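The values are calculated or read from the model by the stated rules, or taken from the named source; none is laboratory data. Keep in mind the model is a prediction, meaning the values are calculated, not measured. Heads up, the Cβs are rebuilt from the backbone with ideal geometry, glycines too, and the neighbour counts pull from every protein chain shown. In case anyone asks, the SASA skips ligands and DNA or RNA and just uses the protein heavy atoms, side chains included. Shrake-Rupley method; radii C 1.70, N 1.55, O 1.52, S 1.80 Å.
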Amino acid sequence: MSQQPLVELHGVYRSFEKERVRIPVLQDIHLNVYPNEVLCLVGESGCGKTTTGKIIASLLDASEGEVLYNGRRMAEYDRKERSLIRRQMQLVHQDPFASLNPAHTIGQILGYPLKRHKMVNGRAELRRRIWELLTLVDLTPPGDIVNKFPHQLSGGQRQRVSIARALTVNPKLIVADEAVSMVDVSIRIGILKMLHNLRDMFNLAIVFITHDLALAKYFAWEGRIAVMYLGRIVEIGRTQDIIANPAHPYTRALLSAVPEADPNLTRKKQPIPLRSDEIPRLTAIPPGCAFHPRCPFYQPGVCDVSVPRLAQAPGYAQDTACIPLTTGEQLVPYGT
Amino acid sequence: MSNVVLSVKNLSMSYLAARGRVRAVNNVSFDLHAGETLAIIGESGCGKSSLNLTLIRQLPTSAKIESGQLLYTKRDGQQLDILQLSKKGLQKFLWSEISMVFQGALNALNPVIRISDMVYDTGKAHGLSKAESRKQALDLFEKVRLDPMRVFRAYPHELSGGMRQRVLLALALLLRPQVVIMDEPTTAVDILTQRSILEVLKELRRELNFSILFISHDLAIAAEIADTIATMYAGEIVEIGPVYEVFYHPRHAYTLSLLDAAPRLSVGAEELHSIPGSPPDLIEPPAGCKFHERCRLATDICAHTVPPIEIFNGNHRVSCHHHQIVRKEREEVIQS
């Protein structure tokens, strides 16, 4: 991928302060998002995937490190350009009950950003554009939807409205943060297929944030996955490489732990047992590799000393942050 | 198969709403055997949770049990109908014979009471001395892989989500019930936590041999732990059978549609499909097969004739006009 990335994160740190305690949420994140690609951020709660998504969508600043949009820092753009760049990155939230104003009709919800950003001229064009957007997200006939309030729609329909709203400003990138977690399994696939179609139609990049690995695999089959743990990316690469041949012990543990919707398959799986079930607090991240207290392949004197960096390990196509692997060693179970 | 512990016969329940009666549970029948795990699957709004609440008679005042029997067989062979129990009788019956684990462990535990007091209260209500309750609880905490003394003295907020869920599991087993009802017990937890809860659950089940009625929209968990799968749609059980039968040789179009929408992690590229529309209005349900409006296999007959109940291989019960096509389609998908 030699294209100019839409967004580049170089050594990005982000921390929040809570009751005078500094909580490091992201540490040393290196990540590019390319035009038209599908990138999934996966990991358990508290791993920093939402914060990463917000930084990508330029809704949050990095505490340290450099974030480039179309190759330049936000500060290098003038006001007008900044507003244009911000418009190019849109976020779709998890909860369509909370993210749509309950007192506005769907027409108003879509009309506001169209008018605010002067995307349309005159009422006839506004109406035509709203109709077009609703059709794009398969809310048809638009005439039935446009005067409804969010509470009159199902969860899936509401999430489609959220996506239509993100499209009002002709974005180049959509960050979908757990965008289908709250809708029923039976209708998720429809929304994901629609996102894929929109991506093809408008040359969109999609950053898809989820804790559901099976869904990530399905959605990003032709794209990439980044696995996060305690504020760092521990593995990143093509989805097909990671699913077929996971490198990092954390990724291996996750993949082995996921139940499968197939009795034979799921009962044959052998979950990799961890040395501890407890996820360390962000205020007390273990030294060295943050995963070492739980890692079944922990090497004392190595993993608890230096912080591993993302690199390609011999035998793997993707990048991983695991010192024994990247130095070409075999992983051996701890204590043998 | 072993003895029937709970036999549900022609159970119907409705809620009174402004527009009329919502038929949330409609003529449901099934048997739960000793040591059996029965998973009830279906979309939200299909009646799973209503059925669950009817079984333990914890319904809001707007609800009315229209008809049916809930025959329960105690360990000593004595049989009773849960629907005929007095208020006092029901209080004694619940928890000692049938207990529950709800989703959202934080809401299910009283935040201002120590775990120990919850144990004592529960024990006291059922005639257990403090010492007995304590001994039982510590033993169970050990079994669910918790640090017994630490957890016993703790307040709920001092425990992580996974620990709380395991405390609930232990509390549900305190009085050694024969049946535990679980409503989405692992939806709010992370992958690795879910895995450890599933492992604990399987171990407990082996050791204590209770029956589980498992309510879930997650087909993967059902595939992993269930012996029997029941598919619920519009308040009815439309298909019930052994887990391998239902997954590999389903006979109801709705079950087929659910399977078609579930991604599997370790299966390469997949062709998945959503179910169009949403579950029907249960005040005025559609005529004929209630699924016909959303069913891609539906023909004229489905729109006006209720499909007959048919039984295959003695234990696979289904009501679908097109059960042959369903079975053939699924078997072709599995072959390819």
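Would you confirm whether or not the range B:236-251 contains a residue that is among the basic types (Lys, Arg), within 30 Å of B:Gly20 (Cα to Cα) and open to solvent by 10 Å² or more (accessible area, probe 1.4 Å)? Checked against the condition, which is being among the basic types (Lys, Arg), within 30 Å of B:Gly20 (Cα to Cα) and open to solvent by 10 Å² or more (accessible area, probe 1.4 Å), the range B:236-251 yields no hits at all. Considering only residues that are of a type in the set (A, V, I, L, M) and within 14 Å of chain B (Cβ to nearest Cβ), look in the range A:138-166 and name the one that is surrounded by the most Cβ atoms within 10 Å (Cβ to Cβ). Ranking the candidates gives A:Leu139 first. Against the conditions (1) within 14 Å of chain A (Cβ to nearest Cβ); (2) within 30 Å of B:Ser44 (Cβ to Cβ), B:Val180 satisfies every one except (1).
Somewhere in the range A:89-99, is a residue modelled with pLDDT under 95, buried (at least 21 other Cβ atoms within 10 Å of the Cβ) and part of a helix (DSSP H, G or I)? Within the range A:89-99, one or more residues are modelled with pLDDT under 95, buried (at least 21 other Cβ atoms within 10 Å of the Cβ) and part of a helix (DSSP H, G or I).
The one condition from (1) open to solvent by 30 Å² or more (accessible area, probe 1.4 Å); (2) within 11 Å of chain B (Cβ to nearest Cβ) that A:Leu213 does not meet is (1).
Residues in the range B:42-93 that are free of Cβ contacts under 8 Å to residues at least 60 places away in the same chain and open to solvent by less than 40 Å² (accessible area, probe 1.4 Å): 10 in all. In the range B:209-233, the residues that are open to solvent by 10 Å² or more (accessible area, probe 1.4 Å) and in a strand (DSSP E or B) reach residues that are charged (D, E, K, R) and modelled with pLDDT of 95 or more with C-beta atoms within less than 9 angstrom, at least six apart or across chains, in these pairs: B:Thr228/B:Glu36.
Against the list (1) buried (at least 23 other Cβ atoms within 10 Å of the Cβ); (2) more than 13 Å from chain A (Cβ to nearest Cβ); (3) part of a helix (DSSP H, G or I), the condition B:Arg206 fails is (1).
Exactly one residue among A:Tyr316, A:Tyr298 is surrounded by 14 or more Cβ atoms within 10 Å (Cβ to Cβ) and either within 14 Å of chain B (Cβ to nearest Cβ) or under 19 Å from A:Gly335 (Cβ atoms) (or both), and that residue is A:Tyr298.
Against the list (1) surrounded by 21 or more Cβ atoms within 10 Å (Cβ to Cβ); (2) more than 8 Å from chain B (Cβ to nearest Cβ), the condition A:Asn245 fails is (1).
In the range A:173-191, the residue that is surrounded by the fewest Cβ atoms within 10 Å (Cβ to Cβ) out of those that are facing chain B (nearest Cβ under 8 Å) and of a type outside the set (Val, Ile, Thr) is A:Gly190.
If only residues of the range B:11-41 that are more than 19 Å from the chain's Cα centre (by Cα) and among the hydrophobic types (A, V, I, L, M, F, W, C) are counted, the one that is surrounded by the most Cβ atoms within 10 Å (Cβ to Cβ) is B:Val22. Of all the residues in the range A:56-88, those that are buried (at least 19 other Cβ atoms within 10 Å of the Cβ) and hydrophobic (A, V, I, L, M, F, W, C) number 3.
Restricting to the range B:259-274, what's the tally of residues that are in a loop (DSSP other than H, G, I, E, B), acidic (Asp, Glu) and more than 7 Å from chain A (Cβ to nearest Cβ)? Of the residues in that region, 1 qualify.
Filtering the range A:249-288 to residues that are more than 8 Å from every other protein chain (Cβ to nearest Cβ), out of contact with any Pro (no Cβ under 9 Å at 6 or more places or on another chain) and outside any helix (DSSP H, G or I) leaves A:Gln270, A:Arg281, A:Pro287. In the range B:275-287, the residue that is most open to solvent (accessible area, probe 1.4 Å) out of those that are in contact (Cβ under 8 Å) with a residue 40 or more places away in the chain and within 12 Å of another protein chain (Cβ to nearest Cβ) is B:Ser278.
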